[in-house]
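Scroll down for the structure; my scribbles are underneath it.
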Amino acid sequence: MPIQKLAWKFLVIGSKGSGKSSFISFMVYGEMAPGIPRSMIKKTVTREIDGKRYSVDILFQEADEDAGKVMGTATGMIVIIDLTNPESLGFAEKVIARAYEMNKINVYIVGNKTDLKYEAQIWKEDLEKLSKRFGSKFYMVSCKDGTGFDGILDDMVDKIISRNVLRK
C-alpha cells in the first residue's frame with residue numbers, strides 16, 4: 001500500500017517564558033534539549049487511518065509577538081499558556097481569535113507548567129472555557145518533567161488528517 005506524504009507547519013505560539021522551546025523539544029526529541037534554535041525543527045510521523053498510510057513531516061516553528069506575520073502559512077497552531085502567568089491567557093485569547101478570523105481551524109491549546117501547581121494562576125477550568133469558546137482541544141503538560149505529553153502529537157495529526165485530508 002502506498003504512503004501518502006504530507007508536509008505541515010505547526011506554529012508554537014505563546015508569550016515570552018511560556019515554554020515554547022521546551023514544548024517543541026519534548027514533541028520532537030521526547031525530552032527537554034537545551035539550545036533549541038528558533039528556526040524550524042522537523043519531526044516525521046507515520047500514521048495509518050482508515051486503511052491509508054500517511055507520512056507527515058511536521059515543521060515546528062516558534063512564534064510570540066511576531067505570530068501574526070507567519071500565521072497564514074501554518075497548517076496548525078499550538079498555543080502555549082503559562083499557567084503561572086495570568087497575562088499568558090489574555091495573549092492566547094488574542095492569538096486564537098486572530099487565527100479563527102483567518103479561518104484557521106487546527107488550533108490546539110496547551111497549558112504548560114503543571115509542575116508548578118502551587119504557583120498556578122490559570123486553572124484547567126479556564127482552559128476548558130477557552131477550548132469551548134473556540135472549539136479547540138486543550139492539553140495540560142509540564143515541559144519541565146515531561147508529564148502530559150503522551151499521545152498529544154498523534155492526536156493532533158489524526159485530527160488534521162481527518163479534517164483536512166480524508167474529507168476531500
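What follows draws every value from the coordinates through simple rules; no lab data is involved. All figures in this text were calculated on a predicted structure; none of them were measured in a lab. Cβ placement follows ideal geometry from the backbone for every residue including glycine, while neighbour counts extend to all protein chains displayed.
Suppose every K and R has +1 on its Cβ and every D and E has -1 on its Cβ; what is the size of the dipole of the chain about the Cα centre, in Debye to the nearest 20?
Result for the chain is approximately 700 debye, rounded to the nearest 20.
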Point to revise | Computed E for residue 66/residue 124 - FRET, C-beta separation, R0 30 angstrom, nearest 0.05 | key: 0.55
Review point. Going by alpha carbons, how many degrees (0 to 90, nearest 10) lie between the helix axis of 20-29 and the longest principal axis of the chain?
Key: 40 degrees
Study note, to complete from the structure: Row for segment 115-168, column shape: gyration tensor on C-alpha, a ≥ b ≥ c, rounded if a/c < 1.5 i.e. under 1.5, prolate if a/b over b/c, else oblate; value oblate
Check your understanding: How large is ³J(HN,Hα), in whole Hz, for each residue of segment 77-84 in order, when computed from phi with the Karplus curve 6.51 cos²θ - 1.76 cosθ + 1.60 and θ = phi - 60°, using x for Gly and Pro?
Key -> 10, 10, 9, 8, 10, 6, 5, 9
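Can you give the FRET efficiency to the nearest 0.05 for residue 57 and residue 101, using r as the Cβ-Cβ distance and R₀ = 22 Å? Write out the running numbers ahead of the final one.
Numbers: r = 28 Å, r/R0 = 1.26.
Once the sixth-power term is evaluated, E becomes 0.20.
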Exercise for review: Give the long-range amide H neighbours of residue 53: residues separated by 5 or more places, or on another chain, with amide H under 5 Å away, using H modelled in the peptide plane at 1.01 Å from N.
Suggested key: 4
Practice item. Could you line up 93, 48 from fewest to most neighbouring Cβ atoms inside 10 Å? Key: 48, 93
Exercise for review: Among 104, 132, 94, rank each residue by its count of other Cβ atoms within 10 Å, from fewest to most, as a rough exposure measure.
Suggested key: 132, 94, 104
Review point. What angle, in degrees between 0 and 90 and rounded to the nearest 10, separates the Cα long axis of helix 124-134 from the longest principal axis of the Cα atoms of the chain?
Key: 50 degrees
**Study point:** Relative contact order, percent, the chain [alpha-carbon distance under 8 Å, six or more residues apart]
**Key:** 23 percent
**Study point:** GluC sites (Glu not before Pro) restricted to segment 94-168 and DSSP loop, no more than 12 other C-beta within 10 Å
**Key:** 119
Point to revise | Cα-Cα over 23 Å, subset of 43/117; 43/94; 43/159 | key: 43/117; 43/94
Review point. Using 0.36 nm per residue, how much length does the chain from residue 50 to residue 155 gain when fully extended, once their Cα-Cα distance is taken away?
Key: 36.3 nm
